[in-house]
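The values are calculated or read from the model by the stated rules, or taken from the named source; none is laboratory data. Source: prediction; values computed, not measured. For neighbour counting, all protein chains shown are included, and Cβ atoms are generated from backbone atoms with ideal geometry for every residue, glycine included.
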Amino acid sequence: MPPSALYTAACEILQENDRGTYTVPTKGLYPFQWNWDSCLTALGQRHLDEARAWLEIATLLEHQWPDGMVPHIIFHQEDDGYFPGPQVWDTQRPTPTSGITQPPVLGFVLRRLFEQAQNRELAEQQVRALLPKAARWHQWFFSCRDPQHTGLVALLHPWEAGRDNSVDWDDAFRQVPTEGIQPYVRRDTQHVNAAERPTQQEYDRFLWLVQHFRNLGWDNTRLHEASPFRVVDPGFNAILLRSEMDLAWLAERLGQAELAATLHARMDRTQQAFASLWNAEQGQYQPYDRCRNQLIESFSIAGVLPLFAGVGSPEQQQAMAARVAHLRKQVQFGVPSHDPADARFDARRYWRGPVWLIMNYMVWDGLARHGFTAEAQQVVQDSLALIRNSGFAEYYDPLDGAPCGGTRFTWTAAMVLEFLKASPEAPLATSQAA
Ligand code: DGY
């Protein structure tokens, strides 16, 4: 498949999943607007229509909560093909939303949209409107998910990480009870092979947490202390830190010195706090269970994401690049979301091993920004090889490249447009003309 055909196929998927003011991740399995899906989708949309990309973000931020949180799902219309729907969340928002958040790639995306915009006037107008909302969301993270001011925020639900069933929190998640959950019927396994999705036990715990938070009225001043699940994920915190940096960059460009100074002070604290998660033996960062006050012995792709935020000394960055190489060399297609050498690795089960193009994108960016150019390019090549072999899947088996999860997936298509732009094999300028 030549680059021009990849480009055309990716554009078709973005258009097919476009609902006018927001984009669904895929038909059937995910029929609403998801937070980080939308932000990363905007990166792809900008190659087709910059105004549409800005609209994707503006729509998401219209549903920001009064306390500053940007929810992980916006239920724009009814669709009983997804569970748990708005009645289960019962968040009492004018347009129903979920009650938890998702990785804040927003700040990073805003900068990229702004910095590379063709339409400068539109970009400046959009960033002036969206930056205060993004900054409020970041403030919310540090007030509600880091009440002890450690510099690192905790996830209160695995869905917040976006890496729902990662090995990283197997033990921490087992502390969540399952008693008293209301009977429910899963919908995800009606769309996708159950062997590629989280287990029933995990779903019971996902639901217990939703019920628990709902019973607390979704009051974010109480949830952190009341949650039996509080995990500090290096991947999530790296994304937040990178977005903090990019919001600070934007604030400086727009002459908002006070906001830039606030962000810089927080960034310094976070950079320092990362040291507590470093594992020298593994050469990567590791998660921390804030309920039980202990580091978690799990070494997933999240532990190299700090490269994306420029965290660590040059030696630590070198070690993380070596970890990426270690992950890649055990599989046919990189980068697996969990180390295949770990007995808990599962090549097809969602976040326990499969390759995700959005992770590849952040790993690629992190490698490239630290000068690991050849390694970065290998990640792009693996990503495009997966698309050529298996189409635009939600995720892929790293051992044989089989497509897994949902099909014709929006953010996979968006990442392909980004990789085509970056790849010497196929500069987007050429493919766009095709
Ligand atoms: C799901 O339903 O699979 C999602 O990951 C939750 O956001």
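Report, by residue number, each residue of region 95-126 that is assigned to a loop (DSSP other than H, G, I, E, B) and either out of contact with any Asp or Glu (no Cβ under 9 Å at 6 or more places or on another chain) or farther than 18 Å from Leu254 by Cα (or both).
Thr95, Pro96, Ser98, Gly99, Ile100, Thr101, Gln102, Pro103, Pro104, Val105, Gln116, listed by residue number.
Inside region 317-332, can you point out the residues that are part of a loop (DSSP other than H, G, I, E, B) and either of a type in the set (S, T, N, Q) or buried (at least 23 other Cβ atoms within 10 Å of the Cβ) (or both)? Once the filter is applied, which keeps residues that are part of a loop (DSSP other than H, G, I, E, B) and either of a type in the set (S, T, N, Q) or buried (at least 23 other Cβ atoms within 10 Å of the Cβ) (or both), region 317-332 yields Gln330, Gln332.
Listed here are the residues, each with its yes/no results for (1) touching a residue at least 24 places away in the same chain (Cβ under 8 Å); (2) in contact with a Pro (Cβ under 9 Å, 6 or more places away or on another chain); (3) surrounded by fewer than 18 Cβ atoms within 10 Å (Cβ to Cβ).
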site: Asp90; (1), (2), (3): yes, yes, yes
site: Gly99; (1), (2), (3): yes, yes, no
site: Val105; (1), (2), (3): yes, no, no
site: Leu152; (1), (2), (3): yes, yes, no
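Restricting region 1-51 to residues that are of a type in the set (Val, Ile, Thr) and part of a loop (DSSP other than H, G, I, E, B), the residue that is nearest to Thr189 (Cα to Cα) is Val24. Out of Gly20, Gly44, Gly28, one residue alone is surrounded by 22 or more Cβ atoms within 10 Å (Cβ to Cβ) and of a type outside the set (Lys, Arg). It is Gly44. Number of residues in region 22-53 that are out of contact with any helix residue (DSSP H, G or I) (no Cβ under 7 Å at 6 or more places or on another chain) and free of Cβ contacts under 8 Å to residues at least 24 places away in the same chain equals 1.
Checked against the criterion of being outside any loop (DSSP other than H, G, I, E, B), modelled with pLDDT of 95 or more and touching a strand residue (DSSP E or B) at 6+ places or on another chain (Cβ under 6 Å), the candidates Leu367, Leu386 yield just one match: Leu386.
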